[in-house]
Amino acid sequence: MDKNISVFDMFKIGVGPSSSHTLGPWKAALHCLEEIAVQIGFHKVIAIDVLLYGSLAKTGKGHGTDMAVMMGLMGEDPITTDTSTISLKLNNISTKQTIQLKAQFPIVFIPEQHIQFLKEASLPHHPNALSFIVHTEHKDFVYTYYSIGGGFIERTILDDDSKEYIVAVETNETILNEVPFEFINTNDLLHHCMKTGYSISAIIAENEKANLSETQLNSGLDAIWHTMLDCIYKGCNTEGVLPGGLQVRRRAFDLNKKLVNNQTYQSKEEWLSLIKVGGADFKYILDWVSCFALAVNEENANFGRVVTAPTNGAAGVIPAVLLYTTLFCKKDKPSDIQQFLCTASAVGVLFKNGATISAAMGGCQAEIGVSSAMAAAGLTELLGGNQKQVLMAAEIAMEHHLGLTCDPVGGLVQIPCIERNTMGAIKAITAAQLALQSKPDFAVVSLDKVINTMWNTALDMNVKYKETADGGLATQIPIALAEC
């Protein structure tokens, strides 16, 4: 909690459908490869067993946790891997009953035997736990990891007295150790803003520039946005049924086609131009925001490339609100988009440090609620809100997501997850408008109080409503269908 988290950790490029159940285990497998290289040597490995615990076991099949582990063990990078070849690579493992560690070292690997879903077992630190048991001829090595939400992972290590303790795993994370403006809560953040006169986005930018050049920062933020935009465009132009057995039909394609009046276009730029000239009617804009959010999370459910914002399950909220901002609020300069992302990141850091961004820990309030708060903050600053109004917008957005459970049908990030992103996006826009028309000094509830309330709610929430598919909507679907 004493470290500031980089904007590039709040927004990670990866593969759907889940940051905690897919991206986290994938990165854990990659880190396990690093440990093997240093401690064992790949040529000594004769087998690897993967044990999935808690929420990873209960909804891991639907979230592609087994897929993620295998892709990680092959050394595939979730940022750059060709998502269209994932199925082929996994089929090769099943057919040949062999996996190439780091794409070079073959060992026998039968997914049904070497990946175990221990649904009745759990580890104490976090519901999303997994262990890699690496077998050599003379000794077994055990590496245990926790996927704590948003693609962040931690691991268990032993000290000199063989006592276990948990440490963060810094794989691709850029933890900002020395920054000019450290903050844990909103009071810290506002203090820095008042003292310097900086906006919240400027505070974040200055922290980033303690570790990166301005060019690196801006190009990195641009890459995040272009990945988000590409995901929206692909989702709006792909039809069909989502995988997993629930027969969920993709809706963004049909809605997009209707909203552009069946007009044709040859590029993303032509498509964006068609949207802009379509008018500013409230219903028209509302439909587009929903379409953008649906598109992202349909891609996410289809194992496509998305950006954690701050998680995969909530990946559609911020892109939808940001594209709304560029198309309908005339805030489309690269600097506008960079400002939005930096402001949103600050709110994400407050929630991660003060509560959680893991649905397995806090329910969907920790995913859709946090993403809505982040989007509301980014939009408010971009539309001219002051620092207090920005934080007020985040508070409003989260206040009306408190208690939201996570109950994915069939363990898939589809029902109700995809639609929830549309609701989170609309709530974010509403929260921003309310904050812009309000005086924060008269607000009764602060963002810090809401963050604390969210955490207390998470602690009180029945475990079956925390990404287990054991409660809520998940129990209303026939078992035969839910087990697909």
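Here, each number is a calculation from the coordinates, and none is a lab measurement. No experiment lies behind these values; they were computed from the predicted model shown. Backbone-built Cβ (ideal geometry, glycine too); neighbour counts: all protein chains shown.
Relative contact order (percent) for the chain, with alpha-carbon contacts under 8 angstrom and 6 or more residues of separation?
18 percent
Using a 10 Å cut-off around each Cβ, can you sort I426, I418 from fewest to most neighbouring Cβ atoms?
Arranged by neighbour count, lowest to highest, I426, I418 become I426, I418.
When Rg and Dmax of the Cα atoms in Å is calculated directly from the model, which label among (1) 21.8, 70; (2) 26.6, 86; (3) 25.5, 89 fits?
(1)
Sorting T136, T457 on the 10 Å Cβ count, fewest up front, what's the list?
The fewest-first ordering by Cβ neighbours comes to T136, T457.
At 222 nm, what helix-only mean residue ellipticity would the chain give, in deg cm²/dmol to the nearest 500, using -39500 (n - 2.57) for each DSSP H run of four or more?
For the chain, the value works out to -15000 deg cm²/dmol.
Can you put E239, E76 in order, fewest other beta carbons within 10 Å first?
Placing the least packed residue first, the sequence is E239, E76.
Return a whole-number percent for the relative contact order of segment 341-484, with Cα pairs under 8 Å and 6 or more residues apart as the contact set.
About 33 percent, as a whole number.
Only four residue types carry charge here, +1 at the Cβ of Lys and Arg and -1 at the Cβ of Asp and Glu. Report the dipole size of segment 203-298 about the Cα centre in Debye, rounded to the nearest 20. Numbers along the way, then the final one.
Working: 10 positive and 12 negative charges, 97 e Å.
Here segment 203-298 has a charge dipole of around 460 debye.
Place a +1 charge on the Cβ of each Lys and Arg in segment 19-168 and a -1 charge on the Cβ of each Asp and Glu, then give the dipole magnitude about the Cα centre in debye, rounded to the nearest 20.
Working: 11 positive and 16 negative charges, 85 e Å.
That gives segment 19-168 a dipole magnitude of about 400 debye.
Set Lys and Arg Cβ to +1 and Asp and Glu Cβ to -1, take the dipole of segment 175-482 about its Cα centre, and tell me which of T186, N207, G424 lies farthest positive.
The residue sitting farthest along the positive end of the dipole is G424.
In whole Å, what is the distance between the alpha-carbon centres of segment 230-256 and segment 353-392?
27 Å
Note down the net charge around K388, summing +1 for each Lys or Arg and -1 for each Asp or Glu among other residues with Cβ under 12 Å from its Cβ.
-2
Pairs of alpha-carbon atoms within less than 8 angstrom and 6+ residues apart define the contacts here; what relative contact order does segment 261-358 have, in percent? List each step's numbers first, then the result.
On the way: 57 pairs, mean separation 21.6, N = 98.
Relative CO of segment 261-358 lands at 22 percent.
Alpha carbon centre of segment 80-150 versus segment 199-228: separation in Å?
Value for the Cα centre distance between the two parts: 34 Å.
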